[in-house]
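Any read-out appearing in this document is the output of simple, stated calculations on the displayed coordinates, not a laboratory observation. As the structure is a computational prediction, the values presented were derived from the model and not from experiment. Note: ideal-geometry Cβ built from the backbone for every residue, glycine included; neighbour counts use all protein chains shown.
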Amino acid sequence: MMVRGVRGATTVKENDAALIESETETLVRAMVQANQIDPEQVAQVLITATGDIDAGFPAKALRNLDGWNYVPVMCAQEIPVKGSLSKCIRIMMTINTDIEQRLINHVFLENAVSLRPDLLKEGK
């Protein structure tokens with residue numbers, strides 16, 4: 001087993017708690033599906049949000065997933081770089097897996113697809 005990072009990011013249209021939670025849940029579910037992740041494999045989940053997202057905690061979304069009760073999750077604020085993507089939620093999920101690093105499927109949704117087009121695989 002190796003420790004691998006799975007990246008994910010999405011954006012929200014509004015700074016709304018319900019929207020922040022639902023978009024984060026959609027992203028996490030997509031990351032889990034794309035990499036066949038079981039919560040027992042997950043060492044931790046780090047979530048950052050840009051400063052214009054403060055109506056709710058994105059990490060709350062993980063409470064909606066079966067089996068994720070004991071997965072350590074932390075939220076932080078993304079550094080405010082001029083010209084960076086606004087209303088953006090980023091996730092770094094650390095997992096234990098036998099999958100080679102180059103085969104990890106990173107997931108970028110909504111306007112976040114512009115962040116790392118080099119990591120997006122064709123057909124995704």
| field | Hey, Leu46 of a type outside the set (S, T, N, Q), under 15 Å from Lys87 (Cβ atoms), buried (at least 16 other Cβ atoms within 10 Å of the Cβ) and out of contact with any His (no Cβ under 9 Å at 6 or more places or on another chain) or not | value | no
| field | Subset of region 105-121 [among the β-branched types (Val, Ile, Thr) and not in a strand (DSSP E or B)] | value | Val113
| Under the condition of being touching a residue at least 24 places away in the same chain (Cβ under 8 Å) and of a type in the set (S, T, N, Q), which residue from region 28-67 is farthest from Val3 (Cα to Cα)? | Thr50
| request: List the number of the failed condition for Met74; all other conditions in (1) touching a residue at least 40 places away in the same chain (Cβ under 8 Å); (2) in a strand (DSSP E or B); (3) exposed (fewer than 14 other Cβ atoms within 10 Å of the Cβ) hold. | output: (1)
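Under the condition of being among the basic types (Lys, Arg) and not in a loop (DSSP other than H, G, I, E, B), which residue from region 84-104 is surrounded by the fewest Cβ atoms within 10 Å (Cβ to Cβ)?
Let us first name the residues in region 84-104 that are among the basic types (Lys, Arg), namely 87, 90, 102.
Subsequent filtering for residues that are not in a loop (DSSP other than H, G, I, E, B) retains 90, 102.
Numbers: Arg90: 21, Arg102: 5.
Checked region 84-104; the qualifying residue surrounded by the fewest Cβ atoms within 10 Å (Cβ to Cβ) is Arg102.
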| request: Sort out which residues of region 1-26 are of a type in the set (A, V, I, L, M, F, W, C), under 20 Å from Arg102 (Cα atoms) and surrounded by 16 or more Cβ atoms within 10 Å (Cβ to Cβ), and write them in order of number. | output: Val6, Ala9
| request: Tell me which of these Ala61 doesn't satisfy, since it passes every other one: (1) surrounded by 18 or more Cβ atoms within 10 Å (Cβ to Cβ); (2) of a type outside the set (Phe, Trp, Tyr); (3) more than 15 Å from Ala17 (Cα to Cα). | output: (3)
